[in-house]
Each structure stands twice: as structure tokens, then as C-alpha cells.
Amino acid sequence: MSTNVKKHASKTVNSESDFFDTASLSKAYELYEGKCTCDTSYGNDCAHFLSNALINAGYSITSGVKCPTGRLIRAKELRDWAKKMPNVVERTNHDSSSSGYWFVYQERANDGQGHVCIHKENQGKHTSVGTGDYPDWEVQTHYQF
Ligand SMILES: [Zn+2]
């Protein structure tokens with residue numbers, strides 16, 4: 001077993017214990033870094049790198065096809081995980097999400113290509129983290145938990 005676990009540089013937070021005790025999408029957004037602790041790339045790493053950020057933010061993701069360090073690598077499986085989060089709020093588009101951090105599942109209608117990212121919504125505009133963002137694809141399901 002490799003013990004070469006990368007640690008994040010400490011971040012400025014009001015309370016370090018609060019930061020590490022409660023998982024949140026805002027933390028995952030901040031911690032996203034476009035890679036995974038496993039240092040592997042599958043070519044299409046949207047779910048892989050996003051689940052790395054979610055796990056680093058404190059979430060646990062137990063089922064699905066995973067990379068060597070246990071991060072999910074399939075967008076639809078990560079969407080299924082988000083869908084089942086306790087007290088999840090689900091919205092079908094950006095219009096009803098004017099603020100906050102949202103896990104977003106995007107899907108292209110003509111071939112069913114799926115993508116996941118996190119949006120920080122701000123009055124009809126948004127910023128995102130992930131390997132890409134496809135706001136023009138037909139499916140734009142937002143989940144907040
Ligand atoms: Zn990995």
C-alpha cells in the first residue's frame with residue numbers, strides 16, 4: 001500500500017473543526033483540483049475528479065465502479081449517488097436555482113453522454129468546477145444536499 005497520501009494546504013476558515021466535521025458542496029467546490037489522489041487519468045475524468053473533491057470534502061461514496069483510491073469514475077453513478085443523498089433538493093434547471101452550490105448532472109440528448117460538475121449559482125449566472133461545463137445540453141439536473 002502506498003502511504004503517499006496528498007494533503008491539501010490548510011485553508012482559511014472560521015473554525016477548522018467545522019470545516020472538517022461537516023461535508024458540503026461548497027467545500028467540494030473549494031477543494032476541486034482537476035486530479036485525483038490516485039494520479040490516474042481515464043481520459044474522461046469528470047466523475048473521477050469530482051468524486052475526489054466530494055470525498056476530500058467529507059462525503060462518503062460507497063457503491064460503483066471506482067479508481068484505485070476509491071473515487072467513482074462514472075458520471076451516471078455519481079448522479080445516482082447524489083440523487084439518494086438525505087434531504088436532497090432536485091431542480092431541473094438553473095432558472096430555479098438563483099444561489100448556492102449545486103451538484104449538476106448534464107446529459108446530451110442525441111447520444112446520452114453524461115457529465116457532472118458543481119455550479120455556484122448567482123442570479124442566473126454561474127461558475128463551475130469540473131472537467132467542463134455544458135449548460136447547453138438538454139438535461140441540467142441540479143441537486144443540493
Ligand atoms: Zn482516482
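Only residues that are assigned to a loop (DSSP other than H, G, I, E, B) and either surrounded by 12 or more Cβ atoms within 10 Å (Cβ to Cβ) or modelled with pLDDT of 95 or more (or both): list them for the stretch 12-31, please. Give the steps one after another, and end with the answer.
From the stretch 12-31, those assigned to a loop (DSSP other than H, G, I, E, B) are 12-15, 22-24; that's our starting set.
Selection gives Val13, Ala23, Ser24.
Could you list, in sequence order, the residues of the stretch 32-48 that are assigned to a loop (DSSP other than H, G, I, E, B) and either closer than 19 Å to Ser63 by Cα or not small (Gly, Ala, Ser) (or both)? Spell out the reasoning first.
Pass one, the stretch 32-48, residues assigned to a loop (DSSP other than H, G, I, E, B): 32-45.
Passing the criteria: Tyr32, Glu33, Lys35, Cys36, Thr37, Cys38, Asp39, Thr40, Tyr42, Asn44, Asp45.
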Exercise for the section: Could you check how many residues of the stretch 61-81 are at pLDDT 95 or above and within 14 Å of Ala23 (Cβ to Cβ)? Expected result: 1
Practice task
Find all pairs meeting these conditions: Cβ atoms under 7 angstrom apart; at least six residues apart or on different chains; first residue within the stretch 58-79 and among the acidic types (Asp, Glu); second residue assigned to a loop (DSSP other than H, G, I, E, B).
Solution key: Glu77/Gly64; Glu77/Val65
Completion exercise
Scanning the stretch 84-125 for residues that are under 10 Å from Thr141 (Cα atoms) and either more than 16 Å from the ligand (Cβ to nearest atom) or among the charged types (D, E, K, R) (or both) gives Glu90, Arg91, Thr92, Asn93, His94, Trp102, Phe103, Val104, Tyr105, Gln106, Glu107
Problem - Odd one out for Leu72 among (1) within 10 Å of the chain's Cα centre (by Cα); (2) more than 13 Å from Tyr101 (Cβ to Cβ); (3) aliphatic (A, V, I, L, M) - result: (1)
Completion exercise
Condition set more than 14 Å from the ligand (Cβ to nearest atom), surrounded by fewer than 19 Cβ atoms within 10 Å (Cβ to Cβ) and not hydroxyl-bearing (Ser, Thr, Tyr), scope the stretch 50-76, selection farthest from Val104 (Cα to Cα): answer is Gly58
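If we scan the stretch 113-136, do we find a residue that is within 16 Å of Ala47 (Cβ to Cβ), in contact with a helix residue (DSSP H, G or I) (Cβ under 8 Å, 6 or more places away or on another chain) and exposed (fewer than 14 other Cβ atoms within 10 Å of the Cβ)? Steps first, answer last, please.
To start, the set of residues in the stretch 113-136 that are within 16 Å of Ala47 (Cβ to Cβ) comprises 113-119, 128-134.
After this cut, where a residue has to be in contact with a helix residue (DSSP H, G or I) (Cβ under 8 Å, 6 or more places away or on another chain) as well, the list is 114-118, 129-132.
From what's left, exposed (fewer than 14 other Cβ atoms within 10 Å of the Cβ): 132.
Looking through the stretch 113-136, at least one residue is within 16 Å of Ala47 (Cβ to Cβ), in contact with a helix residue (DSSP H, G or I) (Cβ under 8 Å, 6 or more places away or on another chain) and exposed (fewer than 14 other Cβ atoms within 10 Å of the Cβ).
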Completion exercise
Within the stretch 35-49, the residues that are within 12 Å of the ligand (Cβ to nearest atom) and either of a type outside the set (A, V, I, L, M) or in contact with a Phe, Trp or Tyr (Cβ under 9 Å, 6 or more places away or on another chain) (or both) are Lys35, Cys36, Thr37, Cys38, Asp39, Thr40, Ser41, Tyr42, Asp45, His48, Phe49
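The values are calculated or read from the model by the stated rules, or taken from the named source; none is laboratory data. This one's a predicted model, so the numbers in the text were calculated from it and none came from an experiment. Ideal geometry is used to build each Cβ from the backbone, glycine not excepted, and the neighbour counts take in all protein chains shown.
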